[in-house]
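What follows is one structure encoded as structure tokens, with my remarks underneath.
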Amino acid sequence: KCAAGTPPEDCVHTVVGHFQIKDTMHECNGRADVWCSPVAVANATYPQSQWVAMVHISPHCHGPACISMEMINADTNETLCYTEPAYGVSNQAMNESGYASGIPPCLWGSEEEGLPSPPVLRLDTNITVIKRANSTVKHYGVMGHWQMRAVWAAEPESDVKK
């Protein structure tokens, strides 16, 4: 909790995490392993590639304290995903004033779909995640959770050694 008298805009609690893309993946261990990274090419082994193309990143945090969540490629300092929750504006269900009514995901795809091209990352890419929460009111269990989906990818042309 911030010191008494601190303006709410200055009461920000920050949670930071660091990992590599490979830390978020594991080989499939049977049909019931629904969060695994399957190999999609016949006769290929895990990992199918040293590269993945991101398709979806969906941050999760709890309102009413959640301010923002950000995922950064720490090797290039590129922001991969930044989002702020949308807060409700009424007393209607799923739109309650002061509570997070939704957190927009970060999406990639094709030009035909109207989406930006996916970032292609090596499995050893270093990632930094940052979650910011308002700490005007003391509360426990501050968390930030990331759900991600990617597909195996080829080495990007710009990175192929000549």
Legend entry - Among (1) among the acidic types (D, E); (2) open to solvent by 50 Å² or more (accessible area, probe 1.4 Å); (3) at pLDDT 95 or above; (4) in contact with a strand residue (DSSP E or B) (Cβ under 8 Å, 6 or more places away or on another chain), the one test that E96 misses: (3)
Inset, instruction - Could you tell me whether region 143-153 includes any residue that is among the aromatic types (F, W, Y), more than 30 Å from A4 (Cα to Cα), in contact (Cβ under 8 Å) with a residue 12 or more places away in the chain and not in a loop (DSSP other than H, G, I, E, B)? - result: yes
Inset, instruction - Filter region 51-75 for residues that are farther than 14 Å from M143 by Cα, under 15 Å from the mean Cα position of the chain (by Cα) and open to solvent by 30 Å² or more (accessible area, probe 1.4 Å) and give the result. - result: V55, H56, A74
Legend entry - Residues that are in contact with a Cys (Cβ under 8 Å, 6 or more places away or on another chain) and either more than 19 Å from W146 (Cα to Cα) or of a type in the set (V, I, T) (or both), drawn from region 53-106: I57, T83, I103
Legend entry - Per-region count, region 108-147, residues modelled with pLDDT under 95 and among the aliphatic types (A, V, I, L, M): 4
Inset, instruction - Give the residue that is most open to solvent (accessible area, probe 1.4 Å), with candidates limited to residues of region 11-40 that are among the charged types (D, E, K, R) and assigned to a loop (DSSP other than H, G, I, E, B). - result: R31
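The values are calculated or read from the model by the stated rules, or taken from the named source; none is laboratory data. Note that this is a predicted model, so its numbers are computed, not measured. Ideal geometry is used to build each Cβ from the backbone, glycine not excepted, and the neighbour counts take in all protein chains shown. Surface areas here come from the heavy atoms of the whole protein model, side chains and all, with no ligands, DNA or RNA. Shrake-Rupley method; radii C 1.70, N 1.55, O 1.52, S 1.80 Å.
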